[in-house]
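Q: Dropping a structure here in structure tokens format, bear with me for questions.
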Amino acid sequence: MPELTLPFTTRPYQPGDAAALTALYNEVEQAAGGHPGYVEDETQGVLDAVVRNLESDSRLVFSDDGDLIAAGIVATPPPDGYRFDSFGGVVPKWRGRGVGRAVLGWQIARAREIHQAAGSPDGWVIETNAAVGDDAVRLFERFQFAPVRYFFEMVAPAKDLHKAVPSGLRVQPYEPRFEGALYEAHMDAFSDHWGYQKRELDSWAGFTVRSDSFRSDLSRLAFDGEDLAGYVLSYDDADDDRVYIGQVGTRRPWRRRGLAGALLADVIAGTAAAGKGFAYLSVDADSPTGAVGVYEGVGFEVETRSVAYRTDL
């Protein structure tokens with residue numbers, strides 16, 4: 001097991017650390033010019049769902065005063081997957097002291113250890129990300145990470161908006177009885193998206209529809225008969241005036257008919273009715289489904305940009 005050696009207290013993530021880790025995520029994001037929208041329930045839900053063993057695959061770094069100053073978390077690829085996700089960061093005022101270098105080095109070493117234990121499969125990579133302009137990118141490049149994909153973080157004002165749903169489809173809010181159908185629809189809709197990794201139902205549901213931050217009242221499912229054609233899933237944001245739209249999907253037979261735009265318009269109207277001011281989402285800047293144009297069509301505008309970095313194992 002690789003060690004993380006620093007002149008600070010280090011230990012694995014423990015129950016009760018979610019609030020401090022969420023605050024670290026938001027501080028890093030805000031310092032880079034991004035939107036500090038992480039919420040505690042989301043942080044815990046993602047860790048529970050995608051990190052195989054928090055004891056071995058996470059490290060938190062604390063100052064002498066007991067403040068969380070850095071974190072490094074390694075999410076192992078799911079079955080038949082290929083990508084380690086590297087989560088974490090260093091509080092800006094603690095940068096420049098070798099903390100980030102030590103934490104990222106530990107994450108890479110741990111990923112290599114897991115990769116070797118799995119038989120060293122071909123094609124496995126480690127991925128991390130940052131806001132465009134974040135000085136963390138210099139650290140990534142030092143470890144031979146390269147930029148591979150850009151994303152837009154987009155925001156739209158909440159307002160009474162209507163777009164007609166394609167003929168023959170019916171729309172309703174999410175209900176738990178649709179969990180399995182929604183999971184299958186999402187895995188199908190995203191199978192041709194960049195970075196796709198199929199996750200098992202319990203893992204995926206843990207950070208989506210079973211999350212405490214999930215807003216079933218501001219989520220929409222569209223059915224063609226008994227077939228789930230498309231969906232929009234929404235969540236609470238750290239900014240109480242915003243709703244975060246986490247997943248938007250349309251299955252192939254129903255694409256290019258205006259379904260995603262109609263569902264988003266309904267969610268935006270629901271956001272306004274709920275007393276919120278804005279809806280917020282992230283999108284692949286080169287989405288093969290033309291998602292950026294769809295979002296612009298219902299009022300979304302680019303607020304910030306981020307970039308994914310990868311290195312091979």
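The values are calculated or read from the model by the stated rules, or taken from the named source; none is laboratory data. Predicted model, so just to flag it, every value in this text is computed and none were measured. Here the Cβ positions follow ideal geometry from the backbone for every residue, glycine too, while neighbour counts run over all protein chains shown.
Per-residue answers, yes or no, for (1) touching a residue at least 60 places away in the same chain (Cβ under 8 Å); (2) crowded, with 18+ Cβ neighbours inside 10 Å; (3) not hydroxyl-bearing (Ser, Thr, Tyr):
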{"position": "177", "(1), (2), (3)": "no, no, yes"}
{"position": "185", "(1), (2), (3)": "yes, yes, yes"}
{"position": "193", "(1), (2), (3)": "yes, no, yes"}
{"position": "203", "(1), (2), (3)": "yes, no, no"}
{"position": "207", "(1), (2), (3)": "yes, yes, yes"}
{"position": "215", "(1), (2), (3)": "no, yes, yes"}
{"position": "231", "(1), (2), (3)": "no, yes, no"}
{"position": "237", "(1), (2), (3)": "yes, yes, yes"}
{"position": "244", "(1), (2), (3)": "yes, yes, no"}
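Q: Separate question: Go through the residues of region 7-19 one by one and say whether even a single one is in the same structural domain as residue 117 (by TED's automatic domain parsing), within 29 Å of residue 155 (Cβ to Cβ) and of a type in the set (A, V, I, L, M).
A: Yes, region 7-19 contains at least one residue that is in the same structural domain as residue 117 (by TED's automatic domain parsing), within 29 Å of residue 155 (Cβ to Cβ) and of a type in the set (A, V, I, L, M).
Q: Take residue 89 and tell me if it is at pLDDT 95 or above and not in a loop (DSSP other than H, G, I, E, B).
A: Yes, satisfied.
Q: Let me ask something else. Being part of a loop (DSSP other than H, G, I, E, B) and touching a Gly at 6+ places or on another chain (Cβ under 9 Å) is the filter here; which residues of region 161-175 pass it?
A: Those that are part of a loop (DSSP other than H, G, I, E, B) and touching a Gly at 6+ places or on another chain (Cβ under 9 Å): 161, 163, 164, 165, 166, 168, 169.
Q: Which of (1) free of Cβ contacts under 8 Å to residues at least 60 places away in the same chain; (2) surrounded by fewer than 18 Cβ atoms within 10 Å (Cβ to Cβ); (3) closer than 15 Å to residue 242 by Cβ is the odd one out, the single condition residue 277 does not satisfy?
A: Just one mismatch for residue 277, condition (1).
Q: May I ask you to say which residue of 289, 271 is of a type in the set (S, T, N, Q), buried (at least 23 other Cβ atoms within 10 Å of the Cβ) and under 23 Å from the mean Cα position of the chain (by Cα)?
A: Only one candidate qualifies: 271.
Q: Hey, among the residues in region 181-227 that are closer than 28 Å to residue 166 by Cα and of a type in the set (Lys, Arg), which one's nearest to the chain's Cα centre (by Cα)?
A: Filtering first and then ranking leaves 215.
Q: Taking the criterion of being of a type in the set (Asp, Glu), closer than 23 Å to residue 256 by Cα, without any contact (Cβ under 8 Å) to a residue 12 or more places away in the chain and surrounded by fewer than 16 Cβ atoms within 10 Å (Cβ to Cβ), would at least one residue in region 219-226 satisfy it?
A: Yes, region 219-226 has at least one match.
Q: Another question, if that's okay. Return only the number of the condition from (1) surrounded by fewer than 21 Cβ atoms within 10 Å (Cβ to Cβ); (2) farther than 30 Å from residue 223 by Cβ; (3) acidic (Asp, Glu) that residue 80 does not satisfy.
A: (2)
Q: Sort out for me the strands (runs of 3 or more DSSP E) sitting completely within region 203-313 that have 2 or more residues that are under 25 Å from residue 179 (Cα atoms) and of a type in the set (Gly, Ala, Ser).
A: 214-224, 227-236, 242-250, 278-284
Q: On to the next question. Would you mind telling me which numbered condition in (1) more than 18 Å from the chain's Cα centre (by Cα); (2) assigned to a loop (DSSP other than H, G, I, E, B); (3) of a type in the set (Phe, Trp, Tyr) residue 178 fails?
A: (2)
Q: Return a yes/no flag: does region 111-134 have any residue that is surrounded by fewer than 20 Cβ atoms within 10 Å (Cβ to Cβ), over 18 Å from the mean Cα position of the chain (by Cα) and of a type in the set (Val, Ile, Thr).
A: For region 111-134, residues surrounded by fewer than 20 Cβ atoms within 10 Å (Cβ to Cβ), over 18 Å from the mean Cα position of the chain (by Cα) and of a type in the set (Val, Ile, Thr): present.
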